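The values are calculated or read from the model by the stated rules, or taken from the named source; none is laboratory data. All values derive from a computational prediction rather than experimental measurement. Cβ atoms come from the backbone with ideal geometry, glycine included; neighbour counts cover every protein chain shown. When the accessible area is computed, the model is the full protein with side chains, heavy atoms only, and any ligands, DNA or RNA have been set aside. Shrake-Rupley method; radii C 1.70, N 1.55, O 1.52, S 1.80 Å.
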Amino acid sequence: MGGIFNLDSPLMQGLGKVADLMILNILAMICCIPIFTAGASLTALHYMSLKIVRGEECYIMRGFFKSFKQNFKQATIIWLLILLALLILVGDFYIMKNSGIEFHIALKVIIGIVGLIIIFTATYVFAVLAKFDNTIKRTIKNALIMSLLQFPKTILMIIMALVPVAIAVFFPQVLPIAFLFGMSGPTFVAALLYNKFFQKLEDQVEAANE
């Protein structure tokens with residue numbers, strides 16, 4: 001029994017990760033409240049989630065706000081660009097549905113494809129920004145390319161991101177769980193999925209720099 005409760009035991013390490021994810025979720029939610037800071041918050045969330053996945057020694061609050069400050073400018077610009085693109089897209093769908101005009105199917109398909117591109121890019125862009133130094137244009141481009149190269153995992157990441165929403169809508173009785181892990185949980189799973197791919201890219205960048 002003593003071994004189970006040893007700080008280095010799998011049980012205690014697992015409980016430590018759960019506690020870290022709870023703290024990380026609360027930090028991310030608070031930092032998303034002003035809305036325009038959500039990009040920096042999501043970037044810091046991915047930064048710390050990847051550290052937890054890799055078992056790296058980290059201080060949650062210190063590491064979170066380090067990434068938040070370091071990537072604030074780029075993350076905010078990218079976040080606002082995504083919001084603007086989504087607003088335009090929603091506006092297009094609203095016009096097509098309520099204008100009374102029959103739009104050509106090709107236009108609907110194009111708008112749908114653009115919507116998927118935005119969603120796919122948004123799924124990876126803050127994780128890419130958290131781990132790789134680059135320009136905003138290059139970060140967005142790389143995020144889209146990665147989302148396509150990792151297509152099955154991208155779909156799973158999108159599904160996982162929607163799980164807390166589904167819980168809130170269909171199972172409100174367990175909403176406190178979604179509140180504690182609604183952002184950090186899906187991001188942690190996403191980090192598990194893209195960790196190996198990112199590690200290969202990091203090794204390539206390090207080799208190129210050498």
Protein chains only, probe 1.4 Å: how do M157, M61 rank by accessible area, largest first? M61, M157
Filtered pair list for region 35-108 (Lys only, Cα < 25 Å, 8 or more apart or interchain) has a length of 4
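So, with a 1.4 angstrom probe, what is the percent of accessible area on the chain that is carbon and sulfur?
Working: 9160 of 12680 Å².
Carbon with sulfur: 72 percent of the solvent-accessible area.
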For region 53-133, what does the accessible surface come to per residue with a 1.4 Å probe? Please give it in Å². 64
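For I119 and Q13 in the same chain, what is the full-extension length gain: residue separation times 0.36 nm, less their Cα-Cα distance, in nm?
So the extension gain works out to 34.8 nm.
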May I ask you to derive the relative contact order of region 103-169, considering only C-alpha pairs under 8 Å and at least 6 residues apart, and to give it as an integer percent? 31
Treat each spin label as a single point 7 Å out from the Cα along the C-beta direction, and report the Q199 to I101 distance in nm. 5.3
Loop-only check: which chymotrypsin sites (Phe, Trp or Tyr not before Pro) in region 9-99 are DSSP coil with at most 15 other Cβ within 10 angstrom? F36, Y59
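Over the chain, what relative contact order in percent results from Cα pairs under 8 Å that are six or more residues apart?
Numbers: 185 pairs, mean separation 51.7, N = 210.
Worked out over the chain, it gives 25 percent.
Assuming 0.36 nm per residue, please report the length gained on full extension of the stretch V90 to F170 beyond their Cα-Cα distance. Could the numbers behind the result be given before it?
Details: separation 80, 0.36 × 80 = 28.80 nm, distance 2.43 nm.
Separation in residues times 0.36 nm, less the Cα-Cα distance, equals 26.4 nm.
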